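Accompanying notes for the structure given below.
The values are calculated or read from the model by the stated rules, or taken from the named source; none is laboratory data. These numbers were taken from a predicted model, which means no experiment stands behind them. When we count neighbours, we look across all protein chains shown, and the Cβ atoms used for this are built from the backbone with ideal geometry, even at glycine. Quick note on the areas: whole protein, heavy atoms, side chains included, nothing else; ligands and nucleic acids left out. Shrake-Rupley method; radii C 1.70, N 1.55, O 1.52, S 1.80 Å.
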Amino acid sequence: MKKINFAWTNYLYLLPAVLLVAVFFVTSIVYTIRLSFYEYDGFSTMRFVGLENYLYLFRDANFKISLMNTVIWVVFSLLFTLALPLLLAILITNSSWVGGFKNIFYYPTALSSTIGGIIMVAILSKYGIPQLFGLLGFESLVRDWLAIPYVNTFIMILMGTWQGVGLNTILFITGLATIPDSPIEAAKIEGARTIQLYNKVILPLLKPTTVVVLLMSLVNSFKVFDSIWVMTKGGPYRTSETLALTMYQESFIHGKFGVGAAVAVVLTVIILIVSYFNIRNTFGDTDQTA
Amino acid sequence: MKQASHGRIVVNAVLIILSILWIFPAVFAVFGTLKKKQEYNLSNFWDLPHGISLAENLKGIAGTFGIVKGMLNSLLYATVSAGAAVIIATLAAYAISHLKIKRPMVWFLFIYSGTIFPFQIFLIPVYKGLTATNLYDTQLGMILFYTAICVPFCMFVLRNYYLGISKEICESAKIDGCNSFQILGHIFVPMSTAPLAVVFLTQFNWVWNELMFGLTFTKSREIRPVMAAITLMDKANVPVILLACVAASIPTLLLFFLLNKHFEAGHAYQSK
């Protein structure tokens, strides 16, 4: 009996998955890292340039803007997709129409960010919302808001909030539902007001969910591509790019594949650092529950 | 008691106001699809559509932009890739959690690593690789890549689930004369229909909504998935673009509203 257990055929079950991961991902990662040390336009032969691509990024004004935008995206989308869902989850749990409100805030998450972005383009173009401001006498606001450098980044973050809040709200609602009644009852008996109840009892008990949402949102905000691509393509003059966009621009628009690869490596290093905490958290949790 | 009901009224009022904000884009999109191009460009956006130009706009999306073809392509990619990924991931998750193999944790981490890296690091090499193997701009190439990218997450969820199934069930099945494949087919798969459905749905949804790879790995209308096709539409005719958006959202919205519970379960997996 034991002999069958150790059969080499057991590895056949792993084969397709391992093959796909090895072919598509492992070789890709190695290739991209290698490419980041080369100059390559997609046609002619690759030329080894050492750290030149990284030094180029270091000197490039566009890259600095892109890095700054990435930080802005991370900080603000984290703020909005953590604070707002927490507030919404608390409100919805105490409302008279839990299921309905849940769906209303969730539906944008079921849409693709491409479609969310395109609808926002229409709403924010001069045929949409800006018309309202014209009506109120602010003629200077009747323009395409997504074409205004730096303002457009914040508008896109708000759009990302519209789309991303639902998922985190549901996670928080699930988290709130798992909090046991007894500490809440005890606090109420001791005369805790609602705000104290949340500050001292409920929020601390909600910490595991908060950490999960925080780390997930953090990783996701570094990866945003689709919505920026459809709303501004990183423009005007590359002022609304983030690292994910810059990688695409340098490689597939400007034909500097080596530089694009270097951006991809920078982005990967950042995400791996964040993911380290994410994974440690994930497996820490599994150990506790097991 | 009175205090509490006042509180509830405030809570409901705040939520209703926010809900209107959240629904507005969908209402805007749906009304936009009913307008004519000229009407959209000349009238105010809050004006109701004059006549319903849906039929004319439908002709618009059926035509040159390949939105219908794109939806059929995406349906193919999402169904086949998510399906294949679930099957491949089931086999791997079963081996890692219940079969005797050396270093199961290393195999697990190897496959799981596919979920950690940002997609940008795969973009150039896979593009080059597909070109080199003549799979660039083919349906087979798209299916293979989407399958690969769905496998790690499916494996992760299913392995967690399978770890919870007791070894004793397998032992007794073995004594009854089942081989390991029969145990998988007769015990594990029937026991895990719910998580299998969840991972299939989340991956279907993901492939359907995916843009960046669809844009980079295709060039012809016959192969392009729907999201990439939408971004390449004529920007001047907003009602037709909006109609394409509404049409392309129907499958994922339907899945969401019909299988609400599964999606919530999916989030529970995602957060664990």
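So the values come out like this:
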quantity: Residue in region A:241-255 that is part of a loop (DSSP other than H, G, I, E, B), open to solvent by less than 20 Å² (accessible area, probe 1.4 Å) and touching a helix residue (DSSP H, G or I) at 6+ places or on another chain (Cβ under 9 Å) present; calculated: yes
quantity: Residue match in region B:5-22 (condition: open to solvent by 60 Å² or more (accessible area, probe 1.4 Å), farther than 19 Å from A:I90 by Cα and not β-branched (V, I, T)); calculated: no
quantity: Which listed residue, of B:G214, B:G141, is under 15 Å from B:S81 (Cβ atoms), small (G, A, S) and surrounded by fewer than 21 Cβ atoms within 10 Å (Cβ to Cβ); calculated: B:G141
quantity: Pairs, first at pLDDT below 85 in region A:264-286, second among the β-branched types (V, I, T) and open to solvent by 40 Å² or more (accessible area, probe 1.4 Å), C-beta under 7 Å, six or more apart; calculated: A:N281/A:V211
quantity: Matching residues in region A:64-97 - criterion: being polar (S, T, N, Q) and either open to solvent by 40 Å² or more (accessible area, probe 1.4 Å) or part of a helix (DSSP H, G or I) (or both); calculated: A:S66, A:N69, A:T70, A:S77, A:T81, A:T93, A:N94, A:S96
quantity: Matching option when the condition is at the interface with chain A (Cβ under 10 Å from one of its Cβ atoms) and open to solvent by 20 Å² or more (accessible area, probe 1.4 Å), among B:Y94, B:Y136, B:Y127; calculated: B:Y127
quantity: Number of the exception - A:D60 against (1) in contact with a helix residue (DSSP H, G or I) (Cβ under 6 Å, 6 or more places away or on another chain); (2) open to solvent by less than 30 Å² (accessible area, probe 1.4 Å); (3) away from chain B (no Cβ under 14 Å); calculated: (1)
quantity: Residue match in region A:222-235 (condition: more than 11 Å from chain B (Cβ to nearest Cβ), within 30 Å of A:S125 (Cβ to Cβ) and among the small types (G, A, S)); calculated: yes
quantity: Flag for A:T161 being without any contact (Cβ under 8 Å) to a residue 40 or more places away in the chain and either open to solvent by less than 60 Å² (accessible area, probe 1.4 Å) or under 27 Å from B:N260 (Cβ atoms) (or both); calculated: no
quantity: Residue in region B:63-75 that is within 11 Å of chain A (Cβ to nearest Cβ) and modelled with pLDDT of 90 or more present; calculated: yes
quantity: Where A:T114 falls short, out of the listed (1) under 27 Å from B:L15 (Cβ atoms); (2) buried (at least 18 other Cβ atoms within 10 Å of the Cβ); (3) within 8 Å of chain B (Cβ to nearest Cβ); calculated: (1)
quantity: Residue match in region A:6-13 (condition: in contact (Cβ under 8 Å) with a residue 12 or more places away in the chain and either outside any loop (DSSP other than H, G, I, E, B) or closer than 30 Å to A:V151 by Cα (or both)); calculated: no
quantity: Subset of region A:117-127 [in a helix (DSSP H, G or I), more than 7 Å from chain B (Cβ to nearest Cβ) and closer than 18 Å to B:S43 by Cα]; calculated: A:V121, A:L124
quantity: Residues within region A:38-92 that are within 30 Å of A:I173 (Cα to Cα) and hydrophobic (A, V, I, L, M, F, W, C), tallied; calculated: 19
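Residue by residue, here is whether (1) in a loop (DSSP other than H, G, I, E, B); (2) over 28 Å from A:F24 (Cα atoms); (3) open to solvent by 30 Å² or more (accessible area, probe 1.4 Å) holds:
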| residue | (1), (2), (3) |
| --- | --- |
| B:P190 | no, yes, yes |
| B:P195 | no, no, no |
| B:L201 | no, no, no |
| B:M227 | no, no, no |
| B:A247 | no, yes, no |
| B:F257 | no, yes, yes |
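Table: residues versus (1) assigned to a helix (DSSP H, G or I); (2) within 28 Å of A:N103 (Cβ to Cβ).
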{"residue": "A:T161", "(1), (2)": "yes, yes"}
{"residue": "A:T174", "(1), (2)": "yes, yes"}
{"residue": "A:S182", "(1), (2)": "yes, no"}
{"residue": "A:K188", "(1), (2)": "yes, no"}
{"residue": "A:K200", "(1), (2)": "yes, no"}
{"residue": "A:L214", "(1), (2)": "yes, yes"}
{"residue": "A:L218", "(1), (2)": "yes, yes"}
{"residue": "A:S227", "(1), (2)": "yes, yes"}
{"residue": "A:G234", "(1), (2)": "no, no"}
